[in-house]
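See structure below.
The values are calculated or read from the model by the stated rules, or taken from the named source; none is laboratory data. Remember, predicted model here, so these are calculated numbers, not experimental data. All Cβ positions, glycine included, derive from the backbone under ideal geometry; neighbour counts span all protein chains shown.
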Amino acid sequence: MPIPLESLLQSGPGFDAPVEMLQACHDRIEGQCDTLLRLLPHLAANGADSQAREAAAAVLRYFDTAGENHHQDEEVDLFPALRAHAGARLPEVEALLAVLLADHQRMRDAWMQQVRPALQAITRGEAALSPAGTQAFVDLYRQHIDRENSELLPLAQAVLGPAVQVELGRHMAARRHVPANVTVKA
């Protein structure tokens, strides 16, 4: 019996499930972090060969576009929605968001000051990725993702009603310039 085409296509949550979409984006960020860590021994063994240059370019594209969209989804839309609908949980929400926003700034700083310039150098054929800086960047992202997956996203599911989540999804879609009913990888 033939397999239906739909079952061959990998799909994830769409904009109609924005909290699940944020979690799926975390999975993709983890994948980019894995690529960064795999680049370290590859560069040591092969230098900035074509595979290294392609991987560096892909990680650059991801964090410069989808990664930044993800942060905007949270900072511009999700965090204010949580504040507005937290009710008695507002002190808990404010404390969590303060930590997450500080993480976002540290991640942006590490990206712009260390990792991004190194990846740009790799795309030019220079093997310039710092093992310590790369590991620190990956560790920061992974700790942040763990906290968001275990605290932020369950809180969002508990606090935000369906109408608010629909609006979040619309904003996320608009940020990516796609219709809200289309599923795309964040």
*Does any residue of the range 103-123 turn out to be touching a helix residue (DSSP H, G or I) at 6+ places or on another chain (Cβ under 7 Å) and under 19 Å from residue 20 (Cα atoms)?*
no
*Considering only residues that are closer than 15 Å to residue 154 by Cβ and part of a helix (DSSP H, G or I), look in the range 82-104 and name the one that is farthest from the chain's Cα centre (by Cα).*
89
_For the range 102-123: of the residues being exposed (fewer than 14 other Cβ atoms within 10 Å of the Cβ) and among the aliphatic types (A, V, I, L, M), which is nearest to residue 138 (Cα to Cα)?_
112
_Quick check on my filter: what residues within the range 122-168 are touching a residue at least 60 places away in the same chain (Cβ under 8 Å), in a helix (DSSP H, G or I) and of a type in the set (Gly, Ala, Ser)?_
156
*Residue check: is residue 126 more than 18 Å from residue 72 (Cβ to Cβ), at pLDDT 95 or above and surrounded by fewer than 17 Cβ atoms within 10 Å (Cβ to Cβ)?*
no
*Limited to the range 133-181, what total is found for residues that are out of contact with any His (no Cβ under 8 Å at 6 or more places or on another chain), of a type in the set (Gly, Ala, Ser), exposed (fewer than 15 other Cβ atoms within 10 Å of the Cβ) and within 23 Å of residue 87 (Cβ to Cβ)?*
3
*Can you name every residue in the range 41-74 that is within 16 Å of residue 123 (Cβ to Cβ) and buried (at least 16 other Cβ atoms within 10 Å of the Cβ)?*
42, 43, 48, 52, 53, 55, 56, 59, 60, 62, 63
_Pull out all pairs, ordered by first then second residue, where Cβ-Cβ is under 8 Å, the residues are six or more apart or on different chains, the first lies in the range 106-119 and is of a type in the set (S, T, N, Q), and the second is in a helix (DSSP H, G or I) and surrounded by fewer than 19 Cβ atoms within 10 Å (Cβ to Cβ)._
114/133
*Restrict the check to the range 77-88 and report whether at least one residue is surrounded by 13 or more Cβ atoms within 10 Å (Cβ to Cβ), more than 17 Å from residue 148 (Cα to Cα) and not aromatic (Phe, Trp, Tyr).*
yes
*Residue count, the range 68-81 (criterion: touching a residue at least 40 places away in the same chain (Cβ under 8 Å) and either within 12 Å of the chain's Cα centre (by Cα) or within 21 Å of residue 40 (Cβ to Cβ) (or both))*: 5
